[in-house]
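Structure, as structure tokens:
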Amino acid sequence: QVQLVESGGGLVQAGGSLRLSCAASGSIFRINNMAWYRQAPGKQRELVASITSGGTTNYAESVEGRFTISRDDAKNTVYLQMNSLKPEDTAAFYCNADVRRFSFELYARTYWGQGTQVTVSS
């Protein structure tokens, strides 16, 4: 089994910063892409940022320049540094990872964390 556990969420005022972490554990042979998604009440889950195994990053236009995604393969962990937070950033944030559990698996499976709440007050 593979488990993703997020941490670092909380309540902050507009303009503040938070750093989210997501650690993967269990049967892991190789982690390909990793990403952060968020979902606000009544809205669809949206991709916030992603990072490939080679370090290539992509960001939603709404967070470009404010958020930074990074990964530490030695720790099987992905991070999301969030600066200049806005009330509209308020959402449950979920990490996502494409994981090959064993060397004989032909393709990776997608796993999700349980989510961590980020609330930005005005």
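Values quoted throughout were computed directly from the atomic coordinates according to the rules given, and no laboratory measurement underlies them. Please read these numbers as outputs of a predicted model, since none were measured by experiment. In this analysis, Cβ positions are derived from the backbone assuming ideal geometry, glycine residues included, and neighbour counts consider all displayed protein chains.
Remarks
- Tensor-based shape of the chain (alpha-carbon gyration tensor, a/c under 1.5 rounded, otherwise prolate or oblate): prolate
- Point-to-point label distance, Q3-T68, nm (Cα→Cβ direction, 7 Å offset): 3.1
- In this label model, E88 and L106 are separated by 4.4 nm, measuring between points 7 Å along each Cα→Cβ vector.
- Oblate is the label for the stretch 21-60, because a/c, from the alpha-carbon gyration tensor with a ≥ b ≥ c as root eigenvalues, is 1.5 or above and a/b does not exceed b/c.
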